[in-house]
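The values are calculated or read from the model by the stated rules, or taken from the named source; none is laboratory data. Predicted model only: the values in this text are computed from it and were never measured. Cβ coordinates were reconstructed from backbone atoms using ideal geometry, including for glycine residues, and neighbour counts include every protein chain displayed. Each accessible area value is taken on the protein alone, full model and side chains, heavy atoms only, with ligands, DNA and RNA left out. Shrake-Rupley method; radii C 1.70, N 1.55, O 1.52, S 1.80 Å.
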Amino acid sequence: MPDHLSPEVERELEALDDALAGRAVPPDLAELGELTRELRAERPAISEDFGTRLDARVRRGFPDGGPRRRASRWRLWSGWSAGLAPALGVTATALLIAVVFVAFPSGDDEMAPLGGDRTTSSESSGGAAAESGGTEPASRSGATTSSADSAAGAPEPVPPAPAQGAPRSDGRDRRMVERSASLVLAARPRDIDGVSARVQEVTRRQGGFVASSTVSSYADGGGGSFVLRIPARNLDAAMAALSRLGSVRERAQGSQDITAQAVSARSRLTDAKTERSSLLDQLGAAVTLQETAEIRERLELVSREIERARAGVRRVRNRAAFSTVAVELVADRGVSAPGDDDGAWTPGDAARDALRLLEVAAGVALIALALGIPLALLVLLAALTARWSRRRRREHALDVV
Amino acid sequence: MTEPAPTRSAGPELDFEALYRGSRDDVYAYVTTMLRDRAAAEDVTAAAFERAYRKQGTYRPGRGSERAWLFGIARNAALDELRRRKRAAALAADPADLDAAAPEDAAEAALRRAAVRAALATLGPRERELIALKFHAGLDNAELAAVIGVSVSNAGTQLHRAMTKLREAVEHA
């Protein structure tokens, strides 16, 4: 279609308007004017009855809607509900998964208690592991420690073999066990120094000592690490006291049977003592100077061996008597001050809960947005397509004769 | 048509009462020409005004006149009805359903009007719609263009073609 009209067409269209308005038309277009008036006369007139009824409905503001409207309303709802049901179902499911995913994250945190405390324990006995275990704390002893992280993939624990032989024939009353533990504590940056002092205080109070410590403290952070030696009998009490100094992030305890090492050390000492006694007897029976000198030289060696064996025995006993506790102190602005948490729900707790709730809500909103935007685009596309299709069908009605 | 029509959440731009008063007969005439069925035309006319009444808040002056908006709604309702009935209207197919010629008309005038009706019957639905919008509904060319969704010049060209075809049909009738 041309964008502009020819003068002749414009003239005839103006004549139509003139005739419709009752104005005179040019003489050469009189026939067009007459046709216009006849077309106008063919105009269907509204009946008085229908006009009155329609006036009344308009005056009442179409309160009833009429059967056609009710039917079309039902068709509209049916169409929308049928079309949107799968989309709504998918969206609801996705939102549910998102809420569960955000509120209960998988992985390491899934096994952690709500406070973020992760507790592990391990136990091993003797053998090569005992040799390499040394005084490493539980969380750092590698093969000798099994944490909850690996528990899922680990084979089921093998139940102990049934006891055999006479009671106490395994010497359980003489067995020696080395216990170790590790603790990760979080405290506010400004509390790092105070908590460090309390760690040492608790250690002293439990009869232990600080084997090594490193503490750093500055405005926005800080931290520290301690290696403590605590009497084994006080380990549980010490761990409980240390756990109260901050927010426990991780806690692990382990034990290791070192009886074999103790027996070995004692055997070496006994053997050395027996040899020295024998050498002393030989020395009493020696007649030549050379024999005497050789035996004395041998006695010196055995004496040194005895000292080494005694030291070995002391080391093993020490390992059994004292537990090594590794304490790591980390700075975290989000944790409460030591001793703040007395079980009461404080405004601070409320603020943290509210913050956590907002985080979860924001996460859910973000996921919903990520799902919602493509979904909204699809819905928009579908709506536009439906509108275009409806318009096409309507126009098609004029083509069907 | 003397009772005032109420306005519902009427925006400041649309005076539904005035629009109804000024367009009721025109809408009916247009719809009747389209449907060729007075009963259906009454239903569709009522439905169109009800739809316009409920959707009056969606009227945007920038998109066209109030009448063009109203006739757009009426056109959609009429086309929906046509689709439902799966048949198109033919103006001259059912002359008894339209206003019969007045008995006092002169014979020549009656013949002339019969020729016009016969000529209208030869037009296609789209051309008849243009005739209905122009001569029965009384829309100007801009409103007509807005209703059928084309430019004003395009609408003028289509209308001129329809009139040329109608004039030729009248001459041969």
- Please state which of the following conditions B:GLY62 fails to meet, knowing it meets all the rest: (1) surrounded by 19 or more Cβ atoms within 10 Å (Cβ to Cβ); (2) small (Gly, Ala, Ser); (3) more than 8 Å from chain A (Cβ to nearest Cβ). (1)
- Message: Restricting to the range B:138-173, name every residue that is closer than 21 Å to B:LEU70 by Cβ and acidic (Asp, Glu).
- Response: B:ASP140, B:GLU143
- Item | Members of the range A:1-15 found to be more than 7 Å from chain B (Cβ to nearest Cβ) and part of a helix (DSSP H, G or I), listed by number | A:PRO7, A:GLU8, A:GLU10, A:ARG11, A:GLU14, A:ALA15
- Task: Six or more apart or on different chains, Cβ under 8 Å: which pairs go from a residue in the range A:295-318 that's touching a residue at least 40 places away in the same chain (Cβ under 8 Å) to one that's not in a helix (DSSP H, G or I)? Could you list them?
- Result: A:VAL316/A:MET176; A:VAL316/A:ILE258; A:ARG317/A:MET176
- Just wondering, is there one or more residues in the range B:150-157 that are under 19 Å from the mean Cα position of the chain (by Cα), part of a helix (DSSP H, G or I), at pLDDT 90 or above and polar (S, T, N, Q)? yes
- Kindly indicate the residue of the range B:142-163 that is more than 16 Å from A:HIS4 (Cα to Cα) and open to solvent by 30 Å² or more (accessible area, probe 1.4 Å) and also nearest to the other protein chains (Cβ to nearest Cβ) among those meeting that condition. B:GLY149
- Has the range A:269-277 got any residue that is under 30 Å from A:GLY208 (Cβ atoms) and either touching a strand residue (DSSP E or B) at 6+ places or on another chain (Cβ under 6 Å) or surrounded by 17 or more Cβ atoms within 10 Å (Cβ to Cβ) (or both)? yes
- From the residues in the range B:25-44 that are within 7 Å of another protein chain (Cβ to nearest Cβ) and not aliphatic (A, V, I, L, M), which one is farthest from the chain's Cα centre (by Cα)? B:ASP43
- For residues in the range A:16-47 being basic (Lys, Arg) and closer than 19 Å to B:GLY156 by Cα, which is farthest from the other protein chains (Cβ to nearest Cβ)? A:ARG37
- Note: among B:LEU120, B:LEU139, B:LEU133, just one is in contact (Cβ under 8 Å) with a residue 24 or more places away in the chain, more than 11 Å from chain A (Cβ to nearest Cβ), within 17 Å of the chain's Cα centre (by Cα) and open to solvent by less than 10 Å² (accessible area, probe 1.4 Å), namely B:LEU133
- Tell me which residues, restricted to the range A:350-401, are within 12 Å of another protein chain (Cβ to nearest Cβ), open to solvent by 100 Å² or more (accessible area, probe 1.4 Å) and among the aliphatic types (A, V, I, L, M). A:VAL401
- Query: (1) of a type in the set (Asp, Glu); (2) without any contact (Cβ under 8 Å) to a residue 40 or more places away in the chain; (3) at the interface with another protein chain (Cβ under 9 Å from one of its Cβ atoms): which one isn't true of B:GLU108, the others all being true?
  - Reply: (3)
- Message: Residues that are under 30 Å from A:ARG175 (Cβ atoms) and assigned to a helix (DSSP H, G or I): does the range A:277-300 have at least one?
- Response: yes
- Working only within the range A:3-45, note down all residues that are in contact (Cβ under 8 Å) with a residue 12 or more places away in the chain, under 17 Å from B:ILE131 (Cβ atoms) and open to solvent by less than 50 Å² (accessible area, probe 1.4 Å). A:GLU12, A:ALA15, A:LEU16, A:ALA19, A:LEU32, A:GLY33, A:THR36
